[in-house]
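The block underneath contains the structure these notes are about, expressed in structure tokens.
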Amino acid sequence: MATALLHGLAVAADPVPSYVDFADSAIIGDWDNGLGRLCLDAELRQQLVATGRKRLDESWTLPVISGQWLAFFQWLVKLVD
């Protein structure tokens, strides 16, 4: 999902738990109508990609993820002390 969005590609995907954060950024679980909508609607594709990229910038960058890991390890250290 992230790779496609970062490359400017709209996404149609099966509904898997790891895609929950991207429900507003992709067509998820609607293969019958969704794939056709993506093929025919350039504005929809652009909107979904823009929303997905914003979500990636807010929550999925290296500084954000490394900060979350750091907070987790600091929490673990406090448990041991």
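The values are calculated or read from the model by the stated rules, or taken from the named source; none is laboratory data. Quick caveat: nothing in here was measured; it's all calculated off a predicted structure. Here the Cβ positions follow ideal geometry from the backbone for every residue, glycine too, while neighbour counts run over all protein chains shown. Areas reflect the complete protein model, heavy atoms only, side chains present, ligands, DNA and RNA absent. Shrake-Rupley method; radii C 1.70, N 1.55, O 1.52, S 1.80 Å.
Hey, any hits in the stretch 23-43 for a residue that's touching a Gly at 6+ places or on another chain (Cβ under 9 Å), open to solvent by 50 Å² or more (accessible area, probe 1.4 Å), among the acidic types (D, E) and assigned to a loop (DSSP other than H, G, I, E, B)?
Yes, some residue in the stretch 23-43 is touching a Gly at 6+ places or on another chain (Cβ under 9 Å), open to solvent by 50 Å² or more (accessible area, probe 1.4 Å), among the acidic types (D, E) and assigned to a loop (DSSP other than H, G, I, E, B).
Evaluate the following for L9: is it in contact with a helix residue (DSSP H, G or I) (Cβ under 8 Å, 6 or more places away or on another chain) and not basic (K, R)?
Details: in contact with a helix residue (DSSP H, G or I) (Cβ under 8 Å, 6 or more places away or on another chain): yes; not basic (K, R): yes.
Answer is yes for this residue.
If the Cβ limit is 9 Å and pairs must be 6+ apart or interchain, which residue in the stretch 11-23 that is within 8 Å of M1 (Cβ to Cβ) pairs with which residue that is among the charged types (D, E, K, R)?
F22/R55
Of the residues A50, A42, A13, only one is of a type outside the set (S, T, Y) and over 13 Å from the mean Cα position of the chain (by Cα); which? Before you say what the answer is, go through the steps one by one.
Working: A50 fails: over 13 Å from the mean Cα position of the chain (by Cα); A13 fails: over 13 Å from the mean Cα position of the chain (by Cα).
Unique residue meeting the criteria: A42.
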